[in-house]
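Derivation of every value follows stated rules applied to the coordinates shown; laboratory data play no part. Bear in mind that the values here come from a model prediction, so they are computed numbers and not experimental data. Cβ coordinates were reconstructed from backbone atoms using ideal geometry, including for glycine residues, and neighbour counts include every protein chain displayed.
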């Protein structure tokens, strides 16, 4: 069974029926880059414009020369190429064919392979978004949606203050937060919600401009062990590099730190000064010796503009080989996998492949609610 074309109907059905845990993150990001020429380990470059400073206008006979501006860029790397595989001997294939069950055997295997790879990619996508948090709301002491959705308004304020356009705002949460939302009267009761659609279907409608999605890839973040760190020298508004002294321990990428009343996202792990927070940086001036507090372990509920996060996903590049045949399979969510059948000595090995990489490219358009 080295000719996969005879299995195309079975594979198409499997792709449309694959079981799916909540898969909100990858569905919420920008994943439309042309990455066909990018190999695993290579980069896709995403430019971003620098901020500009306003100045007074004075009429004159001639115009002045504008200030130079160098655009920055962020690299999005295809970091993983993963596969699931299985093997059948010639005798096993013949037995399945004689029983008329070969296609029925292939379908569920391909479905579960897609599910495994997709769930791995979802976790990596969540990690990339989490490590791009600009600022956050600390709600680790209580459920953020135990009685109302007020924190969603506060989350929107952070993004608007950062300049996010809210043109395609996304809010990706875990199923615990999703369950809490569905228990609220503003969702359950048609006179408050304006419709009974959410209660009837279970699907959450937009709230304050956010498209609400759930993800099974959200896990509790383990914070670093930094203690007693103090800001070393006054910090101006907008600065992302914060020198610190005294104390001990390290910060992990994705940590949330509290400085002068604001909660910032840590861009990269460090145990040595400076600490790097994500753009747009400090929200106002920070005084020398201001304490740097750790929020601690938390569950990230992520609000962001779709264009703030880039995903590159595709099948890997396989050189031609007379012993193997390949077919591309796209599931109902638009992810394309490569299925290989590799002829060996008395057996055939099957492999299902997917390669991916994710990056937060506009961190000022990413914020979070930190839940317990």
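The table that follows gives values for the structure above.
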{"item": "Among (1) 24.8, 91; (2) 19.3, 56; (3) 20.4, 58, the entry derived from the coordinates for Rg and Dmax of the Cα atoms in Å", "result": "(1)"}
{"item": "Nearest-ten-degree value, helix 150-161 long axis tilted from longest Cα axis of the chain", "result": "70 degrees"}
{"item": "Relative contact order [Cα under 8 Å, 6+ residues apart], the range 230-297, whole percent", "result": "45 percent"}
{"item": "Neighbour-count order for 80, 359, fewest beta carbons within 10 angstrom listed first", "result": "80, 359"}
{"item": "Residue among 203, 119, 321 with the largest mean-square fluctuation in a Gaussian network model of the chain, springs linking Cα atoms under 10 Å", "result": "321"}
{"item": "Taking the range 189-339 and dividing mean pair separation by its residue count, relative contact order in percent (alpha carbons under 8 Å, at least six apart)", "result": "22 percent"}
{"item": "Residue-averaged 222 nm ellipticity for the chain, from DSSP H runs of 4+ at -39500 (n - 2.57), nearest 500", "result": "-6500 deg cm²/dmol"}
{"item": "Alpha carbon centroid spacing (whole Å) that separates the range 321-358 from the range 166-200", "result": "39 Å"}
{"item": "Sorted by Cβ density within 10 Å, fewest first, the residues 304, 145, 102", "result": "102, 145, 304"}
{"item": "Residues 313, 166, 114, 338, sorted so that the one with the fewest Cβ neighbours within 10 Å comes first", "result": "166, 338, 313, 114"}
{"item": "Rel. contact order, % - alpha carbon contacts under 8 angstrom, at least six apart, the chain", "result": "28 percent"}
{"item": "Between helix 102-130 and the chain: long-axis angle, C-alpha atoms, 0 to 90°, nearest 10", "result": "10 degrees"}
{"item": "Principal-axis tilt of helix 8-17 within the chain, Cα atoms, nearest 10 degrees", "result": "40 degrees"}
{"item": "Gaussian network model of the chain, Cα within-10 Å springs - most flexible of 320, 134, 268", "result": "320"}
